[in-house]
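Structure first, commentary second.
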Amino acid sequence: MCRAFHIHLKVLNILSNAFSGAIVKTDHNKQVLDKLQVERERGITVKAQTASLFYHHEGKTYLLNLIDTPGHVDFSYEVSRSLSACQGVLLIVDANEGIQAQTVANFFLAFESQLKIIPVINKIDLKHAEPDRVAKQIEKVFDIPKEECILISAKLGTNVDKVLEKVVKKIPPPCANLSDPLRALVFDSTYDHYRGVIASIALFDGCMQKGDKIMSSYTKKVYEVNEVGILRPDQYPVEKLHAGQVGYLVAGMKEVKEAQIGDTFHLQKQPVEPLTGFKPAKPMVFAGMYPIDQSEYTNLRKAVEKLTLNDSSVTVHRDSSPALGAGWRLGFLGLLHMEVFNQRLEQEYNASVILTAPTVPYKAVLSSSKLIKEYGEEEITILNPCHFPDRLQVKEYLEPVVTGTILTPDDYIGKIISLCQSRRAVQKNMVYIDDHRLMMQYLFPLNEIVVDFYDSLKSLSSGYASFDYEDAGYQVADLIKMDIYLNGKCVEELATIVHREKAYSTGKAIAERLKDTIPPQLFEIAIQAAIGNKVIARETIKAVRKNVLAKCYGGDITRKMKLLKRQAEGKRRMRKIGNVEIPKDAFINVLKRQKDK
């Protein structure tokens, strides 16, 4: 028995059809493992999905536990969590596109976990496929001999059987002991309205069956096992799960907090040493989330709890705003992660929310002894721009930086270097991986890439460049807080932290975008970007006017002036008492650059 992860979706369909008969091949189930609506709409994998497959080889039957993982950097926590339940990986590379930035990142995740790696080149049936070129890339970047690469076409089923043979021969079975007491690791979970929490588990020791009394090492609560089974990829109940298997568990857990990711289950009368859990995810982007109507707060809280059970990389902290009321400060791994989370809330829980402009976690080294005593430490983390300390109280500000990897054809190198320089990036390395493609490494301030760098890169390179990044700590930066005023009232939710040298251009761009986003009112709206008391940019939304002179066909000019004067007075009065409603999409659009100059 062995396990593998990172099986491409089409590969998994072919494997299942050819060797297990678990999936009937029709036009309606082309995206078998993309179960979420957001995955089918966007054409990306968001959640890691597990599937078990029986494979017959040389008179023996093997059970392969496969995990299909996302490729995008924003969902890397799913990949790292899946690796903990694996003994080996299939590294799938497109014969047409070649190595991408996320291929490099996922390779090193598997390499650091000391897993066996089997390189597979897929889509060799395509007209412009260059498997030989891609095999040379794999040899140069990953130091894996090109002879070890298996050339397949998942669509046509070419050489798929060779992949399974290699898995059985090269990847070792899990180290498991049936005679030891039960130890099962929870690596994922979902919520079902009828059955409660359904936990995905990997058994390291012992066995589990219906009727067993099990205990959680984290909550110390006792449960009775109602159902166990394997995923093929749908739930398939079995009598007993054995050590080395991956499956699911239903045990009547009603509260979403009862199935913690990384928890260990053991038999009630046989306590064991808990398994090593997972490192908590490190959020890279923070945003405020508030219900559109405060009466929906309780329902939204339940929806957020259930969704964070399924997506444990999101961090949640209570927050409140004078304008938007009670809500939360959520931490995400990236902007796409934030958009997908918001979309899942709307689609799966019918919850409509306001998301504030995304920010990154800054740090400040305090100089005031009074503040150090108040916070209890000299260095504080700033998650919300509203809590940005004054310059007089701070020794220095620190901003998060990341090491970004870009893979691109050499035709676009000039444009990409200019883009990186405009984002305050420092070049670290540049190397050709074949005759026409090169890999560049830059040190980026996280704030410069988190919102729309990926979109700009794809646009400049006609979609051929790929990008991935990893955390590289903090660096000293000259940061300032910029406030946005509407008719003289400060809108806290639109406040942002910027680098001093980019303050004017950012303030002007935000004001222009707000002018385009906020609908005109019956009174004039002044949009101002300010640093302290100094206004650095201003835009004005003209009032919607009624033509009060329409009924005057002629006559004395004083009659017309009287009507216009009365209208102006009404506008002035309305401006004092009128409220400006900001559309909810403005909070995300406000930071996106229209173009890089």
Report task. Could you rank Asp516, Asp205, Asp293, Asp478 by how accessible they are, 1.4 Å probe, largest area first? Result -> Asp516, Asp293, Asp478, Asp205
Query raised in the report: Roughly speaking, what is the centre-to-centre gap between region 280-353 and region 476-494 when only Cα atoms are used, to the nearest Å?
Result: 23
Query - Size of electric dipole in region 140-203: Cβ of Lys, Arg +1 and of Asp, Glu -1, about Cα centre, debye, nearest 20 - result: 160
Query - Residue (of Val360, His242, Val222) at the positive-pole extreme of the chain, dipole from beta-carbon charges - result: Val360
Report summary line: If one compares the long axis through the Cα atoms of helix 101-112 with the longest principal axis of the Cα atoms of the chain, the angle in degrees, nearest 10, works out at 50
Report summary line: Here the FRET efficiency for Phe108 versus Ala526, based on Cβ atoms and R0 = 56 Å and rounded to 0.05, is 0.65
Report task. Multiply the residue separation of Lys279 and Asp556 by 0.36 nm, subtract the distance between their alpha-carbon atoms, and state the gained length in nm to one decimal. Result -> 91.7 nm
Report task. Between Glu396 and Ser320, with labels modelled 7 Å along Cα→Cβ, what's the label distance in nm to one decimal, could you check? Result -> 3.8
Query raised in the report: Quick one: helix 557-577 against the long Cα principal axis of the chain, what's the angle to the nearest 10°, folded into 0 to 90?
Result: 40
Report task. Using the heavy atoms of the protein chains and a 1.4 angstrom probe, tell me the accessible area per residue for the chain in square angstrom. Result -> 48
Query - Tilt relative to the chain, helix 335-349 - C-alpha long axis, 0 to 90 degrees, to 10 - result: 80
Query raised in the report: Taking the highest mean first, how do the peptides 130-141, 218-229 order by number of other beta carbon atoms within 10 angstrom per residue?
Result: 130-141, 218-229
Requested in this report: Of the listed pairs Lys136/Lys458; Lys127/Lys415; Lys370/Lys481; Lys221/Lys306; Lys240/Lys282; Lys282/Lys395, which have alpha-carbon separations greater than 31 Å here?
Outcome: Lys240/Lys282
Report summary line: Here FRET efficiency (C-beta to C-beta, Lys220 to Glu58, R₀ 56 Å, nearest 0.05) is 0.75
Report summary line: Which of (i) 263; (ii) 210; (iii) 202 is the computed volume of the Cα convex hull per residue in Å³? It is (ii)
Query raised in the report: Going from most exposed to least, what order do Cys207, Cys175, Cys86 have by accessible area with a 1.4 Å probe?
Result: Cys175, Cys207, Cys86
Query raised in the report: Sorted by accessible area (1.4 Å probe), largest first, how do Thr50, Thr276 line up?
Result: Thr276, Thr50
Query raised in the report: When the helices in the chain are scored as -39500 (n - 2.57) per DSSP H run of 4 or longer and the sum is shared across all residues, what 222 nm value do you end up with, to the nearest 500 deg cm²/dmol?
Result: -8000 deg cm²/dmol
Query raised in the report: Sorted by packing (mean other beta-carbon atoms within 10 Å per residue), highest first, where do 404-414, 93-103 land?
Result: 93-103, 404-414
Query - Unsatisfied cross-links (Cα-Cα over 28 Å) in the set Lys116/Lys210; Lys515/Lys560; Lys363/Lys534; Lys162/Lys428; Lys47/Lys155 - result: Lys116/Lys210; Lys515/Lys560; Lys162/Lys428
Report summary line: With 0.36 nm assigned to each residue of separation and the Cα-Cα distance removed, Thr403 to Asn96 gains 107.9 nm
Report task. Please get the size of the charge dipole for region 500-551, origin at its Cα centre, with Cβ charges of +1 on Lys and Arg and -1 on Asp and Glu, quoted in debye to the nearest 20. Result -> 140
**Report entry** Rounded to the nearest 20 debye, dipole of the chain from Cβ charges on Lys, Arg, Asp, Glu
**Finding:** 2760
Requested in this report: May I ask you to derive the FRET efficiency for Glu165 and Glu255 from their Cβ-Cβ distance with R0 = 35 Å, giving the value to the nearest 0.05?
Outcome: 0.20
**Report entry** Pairwise label distance in nanometres, Asp411 with Lys155, each label 7 Å out on the Cα-Cβ vector
**Finding:** 2.2
Query - Peptide ranges 448-457, 429-438 listed from the most packed, as the mean C-beta count within 10 angstrom indicates - result: 448-457, 429-438
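The values are calculated or read from the model by the stated rules, or taken from the named source; none is laboratory data. These numbers come from a predicted model, not from an experiment. For neighbour counting, all protein chains shown are included, and Cβ atoms are generated from backbone atoms with ideal geometry for every residue, glycine included. To get the accessible areas, we keep the full protein, side chains included, count just its heavy atoms, and leave off ligands, DNA and RNA. Shrake-Rupley method; radii C 1.70, N 1.55, O 1.52, S 1.80 Å.
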